[in-house]
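Chemist: Pasting in a structure now, in structure tokens, and then I'll have a few things to ask.
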Amino acid sequence: MSNHSLKKSSNNRPYVISIAGLDPTAGAGLLSDLKCFEAHRVYGFGVCSALTIQTDTTFLKNDWLETEQVIAQLAPLLEKFPIQAVKIGLIKNLETLSAVCEYLNSFDPKIKIVLDPILKASAGYNFHEWNPELDIFKSVLKRLYLITPNYLEMQALKGSEEIDQVCRSWSEDCAVLLKGGHHPSSPGTDYFFHKKEALEFKSGTTAVSQKHGSGCVLSSAITAQLALGNSLPKSCLLGKQYIEQFLNSNTSLLGYHNL
């Protein structure tokens, strides 16, 4: 019997990994993702990609981990456990992102990779200015299962094209969930694109209390739902329902995880 088979028989929860920054508040990034995974009853592993100094309202400093450091953390987990899905959040640059995605794909092409493209901290700190016209960005899209930009991130990534056009173009390589939290005309409505399929997920609540790290929570909730065996559209819908519950868990910027 293989090591993976032994692990499946001894733990009935699927295994997932978050590759993300360490936020000391646990409102976003690695610690938040692990809380979200636990609430969804999947077993979450954490791979650190950056060390941040921040609160829920202020971002002071960020120290990146290099590509080889991220992969070194990944390697023993992939060797020992049957990983179903991986969520990637904050990461140094496109070169590191590409190398990590290639490593995951080469180890097991069935692993579902969900990318939350964090370009800017909610407190205003700029991490990246990715150029979607670069070949390396296009190659990353081909390795992903889902990408979850918000409206402001898509504005930064779309270039001169219309946002819907870019989403449909990207969705030929990987599914796109355009988050609607910052959408000027339809706030709260998320738009899902996958090849010829386009869906709207409307808000189930009339008001929300904003939270630090809400984008991280949504993408990790979707990752958990995928690992639990749900389809991609259903995982996005269930993730949206979870994030709305999270946003309204209290009135502070730091939410509570509970399913």
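Chemist: Taking the mean number of other Cβ atoms within 10 Å as a proxy for protection, how do you rank 84-91, 210-217 from highest to lowest?
Modeler: Details: 84-91: 26.6, 210-217: 23.5.
The densest-packed peptide leads the list: 84-91, 210-217.
Chemist: Tell me, in nm to one decimal, what length is gained between residue 107 and residue 249 on full extension, where the rule is 0.36 nm per residue of separation less the Cα-Cα distance?
Modeler: Working it through step by step, the gained length comes to 47.3 nm.
Chemist: Below 8 Å, C-alpha to C-alpha, sequence gap of six or more: please give me the relative contact order for the stretch 33-156 in percent. Could the numbers behind the result be given before it?
Modeler: On the way: 147 pairs, mean separation 26.4, N = 124.
Across the stretch 33-156, relative contact order equals 21 percent.
Chemist: Based on C-alpha coordinates, I'd like the Rg and Dmax of the stretch 143-223, in Å.
Modeler: So, for the stretch 143-223, Rg and Dmax equal 12.5, 36 Å respectively.
Chemist: Once a ≥ b ≥ c are taken as the square roots of the eigenvalues of the Cα gyration tensor of the stretch 124-259, is the result rounded (a/c under 1.5), prolate (a/b larger than b/c) or oblate (a/b not larger than b/c)?
Modeler: prolate
Chemist: While we're here: For the chain, what relative contact order do you get, as a whole percent, if you take Cα pairs closer than 8 Å and at least 6 residues apart?
Modeler: Relative contact order comes out at 18 percent.
Chemist: Given the Cα atoms of the chain, and with Rh set as the inverse mean 1/r over their pairs in the Kirkwood sense, what is Rg to Rh to two decimals?
Modeler: Ratio value, two decimals: 0.94.
Chemist: Still on this structure, please answer the following. Rounded to the nearest Å, what's the spacing between the alpha carbon centres of the stretch 99-177 and the stretch 195-256? Just the number, please.
Modeler: Taking the Cα centre of the stretch 195-256 as reference, the centre of the stretch 99-177 is 18 Å away.
Chemist: Using the Cα atoms of the stretch 1-145, I'd like the radius of gyration and the largest Cα-Cα distance, Dmax, both in angstrom.
Modeler: Using the Cα atoms of the stretch 1-145, the pair Rg, Dmax is 15.5, 51 Å.
Chemist: For the residues 17, 118, what sequence is obtained by ranking on other C-beta atoms within 10 Å, fewest first?
Modeler: Ranked by crowding around the Cβ, least crowded first: 118, 17.
Chemist: With the Cα gyration tensor of the stretch 83-169 giving a ≥ b ≥ c as the square roots of its eigenvalues, does the rule (a/c under 1.5 for rounded; else a/b larger than b/c for prolate; else oblate) give rounded, prolate or oblate?
Modeler: Judged from the Cα gyration tensor, the stretch 83-169 comes out prolate (a/c at least 1.5, a/b above b/c).
Chemist: State the antiparallel share, in %, of DSSP beta bridges confined to the chain, rounding to the nearest 5.
Modeler: 40 percent
Chemist: Can you list the GluC sites (Glu not before Pro) in the stretch 50-132 that are in a DSSP coil and have 13 or fewer other beta carbons within 10 angstrom?
Modeler: The qualifying sites are 66, 129.
Chemist: I need to check one value: relative contact order of the stretch 107-223, counting alpha carbon pairs closer than 8 Å and at least 6 residues apart, in percent.
Modeler: The normalised contact order for the stretch 107-223 reaches 22 percent.
Chemist: Given only helices, namely DSSP H runs of n ≥ 4 each adding -39500 (n - 2.57), what is the per-residue ellipticity at 222 nm of the chain, to the nearest 500 deg cm²/dmol?
Modeler: -12000 deg cm²/dmol
Chemist: To make sure I understand, if each residue's beta carbon is the centre and we count other beta carbons within 10 Å, what order do 23, 164, 33, 56 fall in, fewest to most?
Modeler: 164, 56, 23, 33
Taken together, the values in this text are just the output of simple stated rules run on the coordinates, not laboratory data. What you are looking at is a predicted structure, and each value in this text was computed from that prediction instead of being measured. Cβ coordinates were reconstructed from backbone atoms using ideal geometry, including for glycine residues, and neighbour counts include every protein chain displayed.
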